[in-house]
1. Would you mind listing the helices (runs of 4 or more DSSP H) fully within region B:1-111 where at least 2 residues are modelled with pLDDT of 75 or more, of a type in the set (Val, Ile, Thr) and not assigned by TED's automatic domain parsing to the domain that holds B:Ala283?
2. Picking from B:Ile307, B:Ile298, B:Ile288, B:Ile270, which residue would you name as being surrounded by fewer than 21 Cβ atoms within 10 Å (Cβ to Cβ) and either touching a His at 6+ places or on another chain (Cβ under 9 Å) or of a type in the set (Val, Ile, Thr) (or both)?
3. Based on this model, can you work out whether C:Ala421 counts as part of a helix (DSSP H, G or I), within 12 Å of chain A (Cβ to nearest Cβ), within 30 Å of A:Arg24 (Cβ to Cβ) and at pLDDT below 90?
4. Identify the residue in region B:117-160 that is under 30 Å from A:Ser264 (Cβ atoms) and surrounded by fewer than 16 Cβ atoms within 10 Å (Cβ to Cβ) and, among all such residues, is nearest to the chain's Cα centre (by Cα).
5. Does C:Ile390 satisfy being of a type in the set (Val, Ile, Thr) and more than 18 Å from A:Phe193 (Cα to Cα)?
6. Residues that are in contact with a helix residue (DSSP H, G or I) (Cβ under 9 Å, 6 or more places away or on another chain) and under 29 Å from C:Leu122 (Cα atoms): find the strands (runs of 3 or more DSSP E) completely inside region C:135-238 holding 2 or more of those.
7. Give the number of residues within region B:198-245 that are at the interface with another protein chain (Cβ under 9 Å from one of its Cβ atoms) and among the aromatic types (Phe, Trp, Tyr).
8. Do any residues in region C:136-153 that are closer than 10 Å to C:Gly113 by Cβ and of a type in the set (A, V, I, L, M) have Cβ atoms under 8 Å from those of residues that are open to solvent by 60 Å² or more (accessible area, probe 1.4 Å) and not in a helix (DSSP H, G or I), where the two are at least six apart or on different chains, and which pairs are they?
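The values are calculated or read from the model by the stated rules, or taken from the named source; none is laboratory data. Computed from a predicted structure; not experimentally measured. As a convention, Cβ positions derive from the backbone with ideal geometry for all residues, glycine included, and neighbour counts pool all protein chains shown. Each accessible area value is taken on the protein alone, full model and side chains, heavy atoms only, with ligands, DNA and RNA left out. Shrake-Rupley method; radii C 1.70, N 1.55, O 1.52, S 1.80 Å.
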Amino acid sequence: MSLDPDLATALVEPSELPPEEPGRLAVFWRRFRRNRAAVFGLVLFVLVVAAALLADVITPGDPLRRVAQPLTDPFTNPVAPLGTDQLGRDILAGLMHGARVSLMIGVVATLISVGIGIVIGAVAGYWGGWVDDVLMRFTDAFQTVPSFILLLALVAIMGASLESIIFGIGIVSWTSPARMVRAEFMSLRHREFVEAARSLGQRPVATIFREILPNALPPVIVFASVIMATSILLESALAFLALGDPNHASWGNMIGQGRSVLRSDWYVAVLPGIAILLTVLSFSLMGEGLNEALNPRQKK
Amino acid sequence: MRMPPILAYALRRLLQAVPTILIVMVGTFLLMQLAPGDMVDALVGDMGGADAAFIARMRQEYGLDQPVWVQLMRYMGKLATFDFGWSYVYEQPVSTLLLDRLPVTLALMAASLTLAFVGGVALGAWAGRHAYSAADNLISTLGLVFYAMPNFFLALLMILLFSIHLGWLPVGGLRDIAAFHTGWRLWLDMAIHMIMPVAALSLIYLAFYMRLMRSSVIEVSELDFVRTARAKGAPEGRIMRHHIMRNAMLPVVTLLGLQFATVLGGSVVIETMFALPGIAQLAYNSVIRRDLNTLMGIVFLSSLLVIAVNFITDLIYARLDSRIELR
Amino acid sequence: MSDGAPVLEFRDLTVALPPGSDRPLALDGLTLQVRAGEIVCLVGESGSGKSLAALAAMRLLAPGVQVAGGTIRLDGRDLAPLSEAEMRGLRGDDMAMIFQEPMTALNPQKRVGWQIDEVLRLHTDLDRRARRARIREILEEVRIPDPAGAAQAYPHQLSGGQRQRVMIAMALVLRPRLIIADEPTTALDVTTQKQVLALIRDIQRGEGAGILFITHDFGVVAEIADRVAVLRRGELVEQGPAAEVLNRPQHPYTRALIAAVPALIPPPPAAIPPDAPVVLKAEGLDKTFSARGTLFGPRRKPVQAVRDLSFELRRGETLGVVGESGSGKTTVARIVTRLIQPDSGRVLIGGEDFAHAKPAEVRALRRHIQMVFQDPMASLNPRKRVIDLIAQGPMIHGMKKAEAHARARSLLELVELSPAAGERYPHEFSGGQRQRIGIARALALEPRVIVADEPVSALDVSVQAQVLRLLADLRARLQLSLLFVTHDLRVAAQLCDRVMVMSKGEVVETGPTAEVFSDPQHPYTQSLIASIPGRDWTPPRVALETEGAP
């Protein structure tokens, strides 16, 4: 018979192992590093985080207090290196403390929305059937209400505290991660390795957490960078419309304030605008780098 | 008797929207319930106070003493007939108010989305075809920057440049009130007033569609049937037009419907900044003035608009993708 | 037939891969001729560079992959100096290509007629009516039922075989001098494959074109080739007339490859005592897939995947479930492993009804029946180490971690992998090694029955032989019973004691393998066996030279 052991083993398929590969983190970093834009994004992000961390060191005190003559031009007064607004508040201090607020809103709101999204998406995607039908109708309905308008309604009802704004942003942005997690779960639950685990006798909950979720997470992590960016944009738009929390420094609010002196002192509005732009840009760039590093099948 | 397939498909899609609308109705009701104080409180506050007996009678009259589910049924019945209640701030029915404001918002949306979609698809297709060239890098980078830009900041920069510095365009409003234009001059004047709002609203989404289309074109270009077309001897331009474009546009069209909600949300800021009397600006005003009836009317109406636009994009998609069986 | 002038000539063709690939040269000095009226089969395993030779001839190599030396001549004319526009003029007109997967090779958004018409519009001045007539003619020539209707159809509305006929029509419509077919029947069922091969043969006889036919399947080679060239990792190891190479291979690699092709003559069945216990029994299984419509969604036709199916599997026995795609054979495998539930019927494991057991009982019964999956990459969780993958089953069933790991390491040795492999992740292994890991995982629970769903169809023929040998070996050593699902009748012939032939959800014939293969009773079985490519060719039993192994 032709399954002759000598013949077959003589062919190819060595039993020895391929050479050892570097660790996962090293591979990940090497792939991420290849994308120069992503590295630039990472640098920007580190700068924003540094600004947030060092806010109390470099610009101690309440950023909303008056420190110098109103509308001091940038680079003219060492007390307020980037100038002051029409109430004499230090713009640099506002930028640094604003970074803190923006990052906090971005992180917490993203955790809330991704958390809700994972739960709903996982349940709908794993169980399918009528559970999926009901949850997806619900998600559809949520998605039809423009998120900013819903956010306005929530803030109008709950009041404009920082907590309710963060909560509101989380509530209005869970639908996209939910859809994404659902799609991942639906495709993963019929993959052979999940069926293999089932046929070993694994319980459904363990299958969800040990087999499916670790493989569904990478695209969700990439997507979280997008949600982080939109969260920051949503908050800044609220603050720009003077609907934010008045007790905290916020870039959006600084732009809103600067609008009235745009004609004479444009920098009051433009500086915080650039801060938002760069922060959001850093998330987009990093997200893209993450995507390329986590999904290597996508060719350059 | 048989219906044309596209009609049957449309009908089925419409039926699918029914549960969605019902859920939105319930959601709106729940939001109203969450709000501190009810309609009567608002009314009484408006009148500057009233005695307890009067308040109780009012509650009874408006059905607020009924169980919650009775109130819900009544509320849904009203929404279904476009009765959104009375605006105590504007002193008129909310539905009249919304109807007055709707055309401006629709015009802004239509112009912005058309510009964003057509421009984004065209630029994205070009960039995708010349992927990784210097020009593509420039376009893609600009796209990233615009996509990261808050729309109010973009609007501000445009005002700074085009109104304050150059003086070409008006800073806001729907028309030049002092000029008393009529006829085509009036339309022209309104169009000029819309340039900056439309640009500020659409550029960000234009960047978004461009990036999407670019990656879609790159992805489709690597598919087998494109290689088949090359094996037939088809030149690149023809391959782009006949084989890549339509396949690459499908995911972009899908997102057009979903993005409509986001653009509508974004127009709150734009309408407010440019003093355009649309429903989005009204949403802002009703938050400031705590006019909950109007706000909820806007929530419901904008959800209906989004459903309608999604319905239309679904039909377009069905026509574009031959794989969708209409039957 | 083969003394025409060369239509296609490769001389010292060298194709370079982009830096960082697993080897610098995809093709190293390939010299090969295809004469008019001749079918030359270029045979090789995956990664041999055979497809790149085809793409190089068409100048359709992916960016980064480039011709680094040698010449390619079409009808004696050197293609290297031609401009891109001149090449476009040749492609589709003088040289045409048929691809492997007709579903993806056709544009999903264009009607089939339009896609054929495109060739005519690009290369001829025919008017609309003449073009339409020609399309009609060529579709008739490739024997598509209802040619007029097919021209109006979109690719997804045709069957796989019809789509490949469309691809062939598209390639032939201008009567090219050279046709390059890249694995054109690999994606098709055997009966369809037989028809398509016959079609290519007939057309080639009629037109006198030269055909470069790329394949990995020696059965197909035996069916169609005039001459054969064997490629290994970019190097041509042997070429010659088909009869010579198939029956008297010279190069050790060719010999080993041919030796790995399972012969159609089944080995004597294992001696199974008639009183051997029945370990798995299926009774009256039914399964209908009713495509679940959404609330208002379109209703699709329910598909009856399995109808009134019963069988018995004794200890130490191997039962083959064979059939074409859509026959329901995979559904059977999924029902008996309880990945899906039957609508009615029972699955008895040691007398207990697995199909209707309570969840706790199901988990307990699962250890007796384990599965080996088709795609070794997809069936291993990419985020787990191999040792954890194998130890997972015993640990679920209550074994301590240390003990489970020890068992996993001994299982790795059993499947001929070093225990050090346990620390690696699945993506670090080759296809055959991964499948061996899959087998080790299935064995970890010491099951009585292994259900193998096409376990070797994703593997190259040489690796396939190795995995099959391992399975046969383990079966004997561990007294395993095997339910072996396959579309490949050659594989079934080698491994199975009995076979069960399925068509459209029903068993049409069942019996000892040797009997079914030598004297099929049911017309469907007869057509299936008649369709096995290279049926009349028996791979020669050749001795391997000792130094021959690569």
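1. B:5-34, B:68-80
2. Numbers: B:Ile307 fails: surrounded by fewer than 21 Cβ atoms within 10 Å (Cβ to Cβ); B:Ile298 fails: surrounded by fewer than 21 Cβ atoms within 10 Å (Cβ to Cβ); B:Ile270 fails: surrounded by fewer than 21 Cβ atoms within 10 Å (Cβ to Cβ).
When all the criteria are applied, what remains is B:Ile288.
3. For C:Ala421, the condition - part of a helix (DSSP H, G or I), within 12 Å of chain A (Cβ to nearest Cβ), within 30 Å of A:Arg24 (Cβ to Cβ) and at pLDDT below 90 - is met.
4. B:Val145
5. no
6. Numbers: elements: C:178-182, C:210-215, C:227-232.
Hits in region C:135-238: C:178-182, C:210-215.
7. Here the count works out to 1.
8. C:Ala151/C:Arg111; C:Ala153/C:Arg111
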